[in-house]
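Comments concern the structure below.
The values are calculated or read from the model by the stated rules, or taken from the named source; none is laboratory data. Since this is a predicted model, take the numbers as computed values, not measurements. Cβ atoms come from the backbone with ideal geometry, glycine included; neighbour counts cover every protein chain shown.
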Amino acid sequence: MKLIELVDGFPHQESVKLFKQEIKGLTEKELLELSIPLLDKTEGRGRVSLVKILSIALKKESSLLVILDIGCKKKLVSEIGEWLNFLVPRISFNNLIKLVDSYKNYDMDIVNIILYKLQFIIDPDKLREFE
């Protein structure tokens, strides 16, 4: 079964289970290349489920930053908080700061959204480092 067809069924448990089985043999690069079309194909709870799976399947921090960057660029405001819940524990704090700083020059809306959502995820003292 194609991965695109499986993500159509997200967040249903059977589709998620089959998807996890299908991606087991994929390399980090292959999985990352598939991420954009898969994220484009899903919406709402399905996309959140997909990000949760990707945050576990992708091992490199740079790959996780790419996934978070995709969400920011697409302005997936309603989902970005949940994405941060999955991705922040797996990303170094300095790299998270760099990502947020990269948006300061051209999209303060997404910066404000990220900072707002981060207040529920990270320690308030660490949050001050973004200022």
> Hey, any hits in region 2-14 for a residue that's out of contact with any Asp or Glu (no Cβ under 9 Å at 6 or more places or on another chain), more than 24 Å from residue 94 (Cβ to Cβ), among the β-branched types (Val, Ile, Thr) and modelled with pLDDT under 90?
Replying inline: yes
>> Residues that are of a type outside the set (D, E, K, R), surrounded by fewer than 19 Cβ atoms within 10 Å (Cβ to Cβ) and within 30 Å of residue 102 (Cα to Cα): does region 1-9 have at least one?
In response: no
> Which ones in region 98-115 are free of Cβ contacts under 8 Å to residues at least 12 places away in the same chain and of a type in the set (Phe, Trp, Tyr)?
Replying inline: 106
>> Looking at 59, 73, can you tell me which residue is closer than 30 Å to residue 4 by Cβ and without any contact (Cβ under 8 Å) to a residue 24 or more places away in the chain?
In response: 73
>> Which residue is surrounded by the most Cβ atoms within 10 Å (Cβ to Cβ), if the candidates are limited to region 10-25 and must be of a type outside the set (Ser, Thr, Tyr) and without any contact (Cβ under 8 Å) to a residue 12 or more places away in the chain?
In response: 12
> In region 100-119, how many are surrounded by fewer than 16 Cβ atoms within 10 Å (Cβ to Cβ) and of a type in the set (A, V, I, L, M)?
Replying inline: 2
>> Please pick out the residue among 41, 75 that is surrounded by fewer than 19 Cβ atoms within 10 Å (Cβ to Cβ) and on the phi > 0 side of the Ramachandran plot.
In response: 75
> Where in region 48-131 are the helices (runs of 4 or more DSSP H), entirely inside, with at least 3 residues that are under 23 Å from residue 23 (Cβ atoms)?
Replying inline: 61-73, 77-87
>> Among the residues of region 16-47, what is the count of those that are in contact with a helix residue (DSSP H, G or I) (Cβ under 6 Å, 6 or more places away or on another chain) and not in a helix (DSSP H, G or I)?
In response: 1
